[in-house]
Structures are given as C-alpha cells and as structure tokens.
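Down below is the structure, laid out as structure tokens.
The values are calculated or read from the model by the stated rules, or taken from the named source; none is laboratory data. This structure is a prediction, so every number in the text was calculated from the model and none was measured. Using ideal geometry, Cβ is built from the backbone for each residue, glycine included, and neighbour counts are taken over all protein chains shown. The area values use the complete protein model at the heavy-atom level, side chains included, leaving out ligands, DNA and RNA. Shrake-Rupley method; radii C 1.70, N 1.55, O 1.52, S 1.80 Å.
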Amino acid sequence: MSEKVLVVGNNVRNVAESARKAGFEVYATTKFADADLSIYCKETLRLGDELAEREIAEIVEAKAEEIGAKIVLCSGFETLNVKGELLCNEPGICEKVADKLKFYMELEKAGLPFPELLSDDEEGIVKPRKGGGGEEVGIARNTPEGCIKQRFIEGLPCSVSLIAYEGKSIPIACNMMYAGWKEMNAEGFRYSGNLTPLQVSKDTRQKLEKLAVEAVELFDLTGSVGVDFILAEKPYILEINPRFQGSLDSIEWSCDVNVFRMHAKAFERLLPEKCRPKRVAIRSILFSPSNVTIKESLSGNPFFADVPNVNDFYQKNDPLVSILASGNSKEEVEQKILKRRDFFLKLQGLI
C-alpha cells in the first residue's frame with residue numbers, strides 16, 4: 001500500500017504532482033483547487049478565505065488522522081501550528097526564518113551578507129517582515145508597521161535549492177528567478193517564475209552554493225529548502241524558504257529528478273547526490289491581463305500547470321496559469337513560453 005501524504009498550502013499542485021510521481025497516495029488541502037490538482041490527488045479539500053488559522057489547523061489534523069497520512073506544510077502554511085506526523089519542518093523551526101528581521105539578525109551574527117537595513121529617513125526597498133512572492137514590496141521612504149526597509153541592490157534575482165537534514169545540506173540546483181516579468185503581466189517585484197539552471201560562471205555558482213549551505217546550516221532544517229539571493233558584485237541573501245519552492249517544476253524538468261522523493265528520503269537521514277542539469281527548463285506564472293471568466297481548460301496538457309477551472313472568474317493581475325518549457329538555451333525556452341502564453345490567451349478570448 002502506498003504511503004499517504006496530506007499536502008497543505010495556498011497552491012500545492014507542484015508538490016502533489018511530485019509526490020504522486022514518487023509513489024505516494026496524495027491528498028490536498030488548499031486555497032486554490034486548480035483543475036489539474038485532481039490528476040494527482042485522491043481527494044482535494046478547498047479552504048475558504050474566511051477560515052481562521054486555528055480552524056484550518058483543526059481541519060488538517062482531522063483529515064490526516066482520518067486517512068492516516070503524514071502532513072506536508074507548503075507555501076503559505078509552513079508555520080501552521082498542527083498536531084500530527086509531519087513530513088516537513090516543524091512550524092516552530094519555520095518561524096525562525098519566516099520573520100525577516102529576526103532572520104537577518106542571525107545572518108549578521110554569522111557574518112553572512114544581506115542587503116543592509118535602513119533607517120526611516122532613507123529610501124529603500126520595503127517588504128513585509130513575513131510573506132514572500134514579491135507581494136507588497138516596493139521602493140519607499142516610509143516603513144509601514146510590520147515591514148522592514150533595506151538597501152535596494154540592483155542585480156539578478158536567483159536561488160539555490162537544497163536538501164537538508166540535521167545541520168547538513170546538499171545543493172541540488174541553482175535557479176534564476178523572474179520578478180516583475182512584464183511579458184507575464186507581472187508588476188513591480190512580483191515573483192513570476194524560475195529558470196533552471198542559473199546561467200552563471202562555475203565560480204559564481206560555487207559561491208552561491210557555499211553561502212546557501214552556510215545559511216541553511218544555521219537552522220535545524222530538514223528536507224527541501226531554498227535560499228533566495230540578489231546577485232550583484234557579490235551574492236546577498238534575501239530569505240530562506242523552509243519548504244518546497246516555486247522552482248520545483250523547473251528543477252525536475254531540467255535535471256530529471258524527483259524532488260519530493262529526495263525530500264522524503266532526507267527524513268530518513270539520506271541526502272542525495274548533487275544533480276546535473278540536462279537541459280534548460282522554465283516555469284513561468286502568467287497573470288491575468290484583465291478580468292476574465294475561463295472558457296476552456298487545458299488540464300492534462302503537459303505545457304500548462306496550475307490550470308484554472310472552466311467558468312472560474314479571475315480579476316486583473318490574479319495569477320492565471322503556469323506555463324512550462326524546456327530546451328537548449330534561455331532564449332529558446334523563453335520564446336516557447338511566449339508562444340504558449342498567446343495560445344492560452346487566445347483560448348480565453350483575451351487576445
């Protein structure tokens with residue numbers, strides 16, 4: 001009988017897909033039950049926006065106990081305080097890196113580089129102390145309550161994905177991050193996709209990997225974790241994601257690996273060998289150019305993921321669909337993405 005996992009998060013399709021392909025029986029509790037999620041899950045429960053955190057925790061605990069599943073806390077729910085058998089980092093451990101101010105204090109103690117924090121009279125990049133995805137991030141002089149302000153560093157957003165356990169970690173991929181990708185209708189610093197592998201020199205990649213390992217090993221993390229950077233004259237650490245990252249698709253397409261299997265093995269104290277990219281792969285996020293009601297679904301099409309359901313309504317700037325491509329170069333895969341974008345938009349009557 002397959003081992004059961006209950007994946008919990010804002011959007012869990014990529015984790016559910018990887019887990020299913022790794023041989024697990026998958027259940028999902030999520031805020032976004034996309035059309036293709038049901039392909040990988042035996043059962044999906046959609047969470048309403050009105051639910052309080054404690055109510056969500058009770059739903060998750062009850063479901064996990066009912067089906068005898070291990071709980072996997074994913075994006076947006078990594079600090080959810082739940083009782084049960086976890087196949088992810090403990091919420092208390094995730095809290096240590098979720099608060100960016102406390103996180104940067106730990107980096108400073110360890111002598112690791114990050115964009116310096118600024119005082120109220122200086123202009124810089126303002127972001128919430130908690131949260132990710134480039135949401136509510138912008139350049140400003142004032143610092144609203146619950147936010148921090150840092151020196152804005154012009155550079156390349158990128159990340160290192162690792163598998164960790166008990167103070168040890170192995171980098172499995174370096175990834176470019178798209179932020180505010182205009183061709184995907186993304187504004188500001190909004191996270192809009194990943195490309196694997198990151199196109200940099202061997203020396204730069206090794207510096208990123210070394211810093212990522214040092215950062216991750218400051219915390220007692222296990223399984224799939226990621227370190228985000230801004231790469232300028234040197235790498236600066238932005239944050240640690242103590243759970244599966246948005247780069248999961250591009251890593252699996254590029255390296256022919258299963259990230260969930262490696263994640264699960266880490267809880268058995270087994271670390272993988274370093275991955276070797278075999279091709280360039282990309283996952284982009286298309287944001288809606290206008291208000292739209294979905295006319296046609298592309299669920300099951302291998303080049304589209306997080307696929308909206310027919311008749312679902314999306315407002316302008318909502319994340320609409322993920323588009324996937326692989327090839328021999330960054331330029332080739334980006335062109336494929338743009339062609340598939342236009343195909344999807346035409347189906348919905350948006351162009």
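In percent, how large is the relative contact order of segment 1-96, given Cα pairs closer than 8 Å and 6 or more residues apart?
Details: 173 pairs, mean separation 27.3, N = 96.
Value for segment 1-96: 28 percent.
Taking the dipole about the Cα centre of segment 89-155, with the C-beta of Lys and Arg at +1 and of Asp and Glu at -1, give me whichever of I93, F103, A140 is farthest to the positive side.
About the Cα centre, the residue reaching furthest to the positive side is I93.
In segment 228-316, which GluC sites (Glu not before Pro) are in a loop and have at most 15 other Cβ atoms within 10 Å, using DSSP for the loop call?
Listed in order of number, the matching sites are E233, E268, E273, E296.
Going by the alpha-carbon gyration tensor, a ≥ b ≥ c the square roots of its eigenvalues, is segment 280-319 rounded (a/c under 1.5) or, if a/c is not under 1.5, prolate (a/b greater than b/c) versus oblate?
On the way: a/c = 3.41, a/b = 1.37, b/c = 2.50.
Since a/c reaches 1.5 but b/c is at least a/b, the shape of segment 280-319 is classed as oblate.
May I ask you to derive the FRET efficiency for E123 and E58 from their Cβ-Cβ distance with R0 = 41 Å, giving the value to the nearest 0.05? Show your work: numbers first, answer last.
Details: r = 44 Å, r/R0 = 1.08.
That gives a FRET efficiency of 0.40.
Find which of V310, I251, I240 sits farthest along the positive direction of the dipole of segment 208-351, computed with +1 on the beta-carbon of Lys and Arg, -1 on that of Asp and Glu, about the Cα centre.
V310
If you put +1 on each Lys and Arg Cβ and -1 on each Asp and Glu Cβ, how big is the dipole of the chain around its Cα centre, in Debye rounded to 20? Before the final figure, lay out each step's value.
On the way: 46 positive and 54 negative charges, 227 e Å.
The calculation lands at about 1100 debye.
How far is the Cα center of segment 260-286 from the Cα center of segment 214-252, in Å?
13 Å
Taking 41 Å as R0, compute the FRET efficiency from the Cβ-Cβ separation of N309 and K210 and round it to 0.05.
Working: r = 44 Å, r/R0 = 1.07.
Efficiency for this residue pair is about 0.40.
What do you reckon, how do M176, M105 stack up by accessible area (1.4 Å probe), largest on top? All intermediate terms of the calculation are to be shown ahead of the outcome.
Values: M176 25, M105 105 Å².
Largest accessible area first, the list is M105, M176.
Mind checking the dipole of segment 133-246: about its Cα centre, +1 per Lys or Arg Cβ, -1 per Asp or Glu Cβ, Debye to the nearest 20?
On the way: 12 positive and 15 negative charges, 55 e Å.
Computed charge dipole of segment 133-246: roughly 260 debye.
Label-point separation (nm) for E145 and D49, each offset 7 Å from Cα along Cα-to-Cβ?
2.3 nm
Which entry is the computed Rg and Dmax of the Cα atoms in Å for this structure: (1) 21.7, 73; (2) 19.4, 61; (3) 22.9, 72?
Comparing each candidate, only (2) matches the computed number.
According to the square roots a ≥ b ≥ c of the eigenvalues of the Cα gyration tensor, what is the shape class of segment 178-261, taking rounded for a/c under 1.5, prolate for a/b larger than b/c otherwise, and oblate for the remainder?
Working: a/c = 1.44, a/b = 1.18, b/c = 1.22.
Here segment 178-261 falls in the rounded category.
Count neighbours as other Cβ atoms within 10 Å of each site's Cβ, and list the GluC sites (Glu not before Pro) in segment 1-57 that are DSSP loop with at most 16 such neighbours.
For GluC sites (Glu not before Pro) across segment 1-57 that sit outside H, G, I, E and B with at most 16 neighbouring Cβ atoms in 10 Å, the list reads E3, E50.
Toward the positive end of the charge dipole of the chain, about the Cα centre and with charges on Cβ (Lys, Arg +1; Asp, Glu -1), which of T293, T30, I71 goes farthest?
Ranked along the dipole, the leading option is T293.
Between the DSSP loop rule and a limit of at most 16 other Cβ atoms within 10 Å, which GluC sites (Glu not before Pro) in segment 72-146 are left? Intermediate results must be reported in sequence, preceding the final value.
Values: sites: E78, E85, E95, E106, E108, E116, E122, E123, E135, E136, E145; in loops: E78, E85, E116, E122, E123, E135, E136, E145.
Filter output for segment 72-146: E85, E116, E122, E123, E135, E136, E145.
Express as a percent, rounded to the nearest 5, the fraction of DSSP beta bridges in the chain (both residues included) that run antiparallel. If you can, show how the numbers build up before the last one.
Working: 51 of 66 bridges.
Around 75 percent antiparallel, to the nearest 5.
When the chain is fully extended, how far beyond the present Cα-Cα distance does K182 get from K346, taking 0.36 nm per residue of separation?
Values: separation 164, 0.36 × 164 = 59.04 nm, distance 1.82 nm.
Length gained, K182 through K346: 57.2 nm.
Suppose every Lys and Arg Cβ carries +1 and every Asp and Glu Cβ carries -1, with no other charges. What dipole size does segment 187-288 come out with about its Cα centre, to the nearest 20 debye?
Values: 15 positive and 14 negative charges, 73 e Å.
So the magnitude is around 360 debye.
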